[in-house]
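K.L.:
Submitted below is the structure of interest, expressed as C-alpha cells.
The values are calculated or read from the model by the stated rules, or taken from the named source; none is laboratory data. In this text the structure is predicted, and so the values were computed from the model without any measurement. Cβ coordinates were reconstructed from backbone atoms using ideal geometry, including for glycine residues, and neighbour counts include every protein chain displayed.
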C-alpha cells in the first residue's frame, strides 16, 4: 500500500489498529550527536560553502560548492545528500546497534524478541541461498492452476494480501468528504516500471530502459525455470499488457488532483462499472469481503482493465501473475535472484553501482515490519527531551508568522482569509513519536524464517488496514516511524508530523544558533504548514473535509499565482531536453516558497524576543546564515539515471531547484545578499503565493 506517496504531502523526500503498548518512553540517556561547540558548527557550515561563488548568481554553488567538491557519492547510493543521507546513515548505524543489543538480550518482552528474530533471519544469507526459490514455489504453483477470470482476480487478491500490488493498487485512507471514517481507494497500478511515462515517453533514454526491462523480465523468468525462447515470449506478452495499462493510466501530474481521485461507490458500484470482472473473488481472497466502502479513484483505468483481462489469453495472464510474484519477492530470496533484481532496478534504472550492505537492508526491513518497537528503542536512546521543546517553540513561531502574513495578502477576501486563519489555528503538530505504540501481538515472527517473516509482516499490515475499512479514523496514528528522516502534512487530519529521526544535524540541534535551526528545520516546518494551503491542500478545510471553502474569485486569483510557480519551474532545465515538470511539482514548489518565507519571518520574531545573536560564521550575517543553512539542506550528488527517473515520477523538484527557485523569488534573500535586478538569483517576474 502506497497511500503516503499519493495522498499525504511529504515535503522532504529526494521518495498503518493502534492499542496502548506503553505511554511515553523513559527519558533518553543521550542523543545521537551530543553537544556541539560553536567552532564545530561554524566549521561544518563554512567547509560546505564555496566562497568564491557569487551568491547572487548561483546560490546553490555558493552554499554547497565545498561539499560538492570534496564529497564522493558512495557506490551503494544513487543519490547522496548532505542532510538526509548523513542523518539516515547515522540512524541506520544507531538502529543496528540497538537491534543487535536487543538480539543479545531480548528479555521477557515478546516484541523485542520479534525484532531480534526478524533481523537475524534477514541477515542469514546462507540460509536463503540453501532454500533458493523454494519459499516462492507454492505461490507460483498456485498461479499455474489459474484458468478463469475468477481465478485471476482471486490470485490478485491473494497477492495484495501479501503485499504484491498486481493489476491495481488498493490503499486505506480517510474519506475525503467524511474524514472521520476510513475507506478503501482503488487506484491504477500493475506496472513494473515506475510509472506510465517510462512506457510512453518517446526519447532514447526511456527507449533503452524499456528494452532492458523486457530483457530483465526474460532473465528473471529464466532463473525460475523457463526455457529461453519461452521466457522471451512471456516477457513480450507481459510487457505488452503493461503498456496497455500504462496507456490508460493518468499522468503523474494528474494524480495530484485529489478531487478527481474521489469517486465514492460501494462494491456493487464497482461491479456495475466493470460488470465483466468478478470482484467478489478478489475481495474474498483478500480476506475482507465486507470492505464495502471504497472510492474508484481512476474509473477509466478499471473500465479498460475489464476489457484487457477479457481479451488477454489466459496463458499471458498467468505469466503476468507469475512475474509479479517474482518481481515483488526477488530481493527476499537467494543471493543470485537478489543480484539479478538489483542489476535492473539498481544499476539500470537508478545508476547505483553496488548493492547496499545486507545489514542496512535488514535494518530498513526491520523498521518497516516492526517500526513501533524499533522506534521505541530509538527514542529512548537517541531523542533528547529538550529537543522536542525547542522544536515546538519553533513551529509555534512559524505558525504565528503564517497567521500574521494573511492580512497582507490582497488577493484574499475577508471571509476566505478568516477560514484560512481557522485552518491554520486548527493544525495539530506531532513531534518525535506517537503517544501510543502499535500492538504487534497478532504478528508471528519465527527465528530463521526470513521469507515467511517478511510475508507475515506484509499480511499483518494489510489486515491492519483493510480491517479498519468503514470504521473510524485514528487521529493519533503516525504514518512514519520515529527514526524516519522525513516529515509530512496529512490533509484529512489537518496535521503536521516531524519524526524524531529528522530532528538532528544538519537539520536541527539544540546547540545550533537560531538562524541555522530556522533556516534548515524551520523551513521544513514552514513547508509542511504551507502544504495545507497549496494547490491540493487548500481544498481541505480546518476539519480535514474536502470542500470548496474559497470564494470563487479568490480561488481564481490563487490559481493565477500557482500558475506563475508552475510556469517558472517548467523553465528549469535538468539536462538538455529534460526540464522540471512544473505541474507535477507545483504543490512542493509552493510549499518551498512558503516554507522559506514563513520561517524567515519566524526567525525575525525570535530575534525580537531574544535579541540579535553574535555572528557564527566569519563573513556571514545571521540573516545570510539563515539562507545558507537552508541551501545546505539540499546539497546533493546524484547519478544521471536517478535524476532522470525522479524528474519523471517525483512530485519534488531536483535539489538544486529547491534552492534556486524559492530564493530567487525571495525579497528577503535579495536584501540579505544585496542582490539586484538582473542577477540570476533575482527573477524578473517574482512568484508569491503565501
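K.L.:
Only one of 193, 245 is more than 25 Å from residue 588 (Cα to Cα) and either outside the structural domain of residue 153 (by TED's automatic domain parsing) or in contact with a helix residue (DSSP H, G or I) (Cβ under 8 Å, 6 or more places away or on another chain) (or both); which?
P.N.:
Values: 193 fails: more than 25 Å from residue 588 (Cα to Cα).
Going through 193, 245 in turn, the sole match is 245.
K.L.:
Also, quick follow-up: In this structure, does residue 100 turn out to be out of contact with any helix residue (DSSP H, G or I) (no Cβ under 7 Å at 6 or more places or on another chain) and either modelled with pLDDT of 95 or more or at positive phi (or both)?
P.N.:
The answer is no for residue 100.
K.L.:
Let me ask another. One residue is enough: does region 150-172 have a residue meeting the conditions surrounded by fewer than 17 Cβ atoms within 10 Å (Cβ to Cβ), in the same structural domain as residue 288 (by TED's automatic domain parsing), out of contact with any helix residue (DSSP H, G or I) (no Cβ under 7 Å at 6 or more places or on another chain) and in a helix (DSSP H, G or I)?
P.N.:
Looking for residues that are surrounded by fewer than 17 Cβ atoms within 10 Å (Cβ to Cβ), in the same structural domain as residue 288 (by TED's automatic domain parsing), out of contact with any helix residue (DSSP H, G or I) (no Cβ under 7 Å at 6 or more places or on another chain) and in a helix (DSSP H, G or I), one finds none in region 150-172, hence no.
K.L.:
If you don't mind, there's one more thing I want to ask. In this structure, does residue 351 turn out to be in contact with a strand residue (DSSP E or B) (Cβ under 9 Å, 6 or more places away or on another chain) and at pLDDT 95 or above?
P.N.:
Numbers: in contact with a strand residue (DSSP E or B) (Cβ under 9 Å, 6 or more places away or on another chain): yes; at pLDDT 95 or above: yes.
When the stated conditions are applied, residue 351 passes them.
K.L.:
Among the residues of region 605-624, is any in contact with a strand residue (DSSP E or B) (Cβ under 9 Å, 6 or more places away or on another chain), surrounded by fewer than 19 Cβ atoms within 10 Å (Cβ to Cβ) and assigned by TED's automatic domain parsing to the domain that holds residue 68? Reasoning before the result, please.
P.N.:
Step one: list which residues in region 605-624 are in contact with a strand residue (DSSP E or B) (Cβ under 9 Å, 6 or more places away or on another chain), which gives none.
No, region 605-624 has no match at all.
K.L.:
For region 611-646, what are the residues that are in contact with a helix residue (DSSP H, G or I) (Cβ under 7 Å, 6 or more places away or on another chain), more than 19 Å from residue 599 (Cβ to Cβ) and in a helix (DSSP H, G or I)?
P.N.:
641, 642, 644, 645, listed by residue number.
K.L.:
On to the next question. Restricting region 227-253 to residues that are part of a loop (DSSP other than H, G, I, E, B) and within 25 Å of the chain's Cα centre (by Cα), which is surrounded by the most Cβ atoms within 10 Å (Cβ to Cβ)? Write out each step before concluding.
P.N.:
Here is the first cut: in region 227-253, the ones part of a loop (DSSP other than H, G, I, E, B) are 227, 248-253.
Next, from what is left, pick out any that are within 25 Å of the chain's Cα centre (by Cα): 248-253.
Details: 248: 17, 249: 25, 250: 19, 251: 15, 252: 19, 253: 15.
Among residues in region 227-253 that are part of a loop (DSSP other than H, G, I, E, B) and within 25 Å of the chain's Cα centre (by Cα), the one surrounded by the most Cβ atoms within 10 Å (Cβ to Cβ) is 249.
K.L.:
Tally time: how many residues in region 256-297 are in contact with a strand residue (DSSP E or B) (Cβ under 6 Å, 6 or more places away or on another chain), under 15 Å from residue 176 (Cα atoms) and in a loop (DSSP other than H, G, I, E, B)?
P.N.:
Looking only at that region, the number is 4.
K.L.:
Now for a separate question. State whether one or more residues within region 464-473 are touching a helix residue (DSSP H, G or I) at 6+ places or on another chain (Cβ under 6 Å), buried (at least 17 other Cβ atoms within 10 Å of the Cβ), part of a loop (DSSP other than H, G, I, E, B) and in the same structural domain as residue 403 (by TED's automatic domain parsing).
P.N.:
No.
K.L.:
Only residues that are within 21 Å of the chain's Cα centre (by Cα) and over 17 Å from residue 509 (Cα atoms): list them for region 90-107, please.
P.N.:
Correct list: 92, 95.
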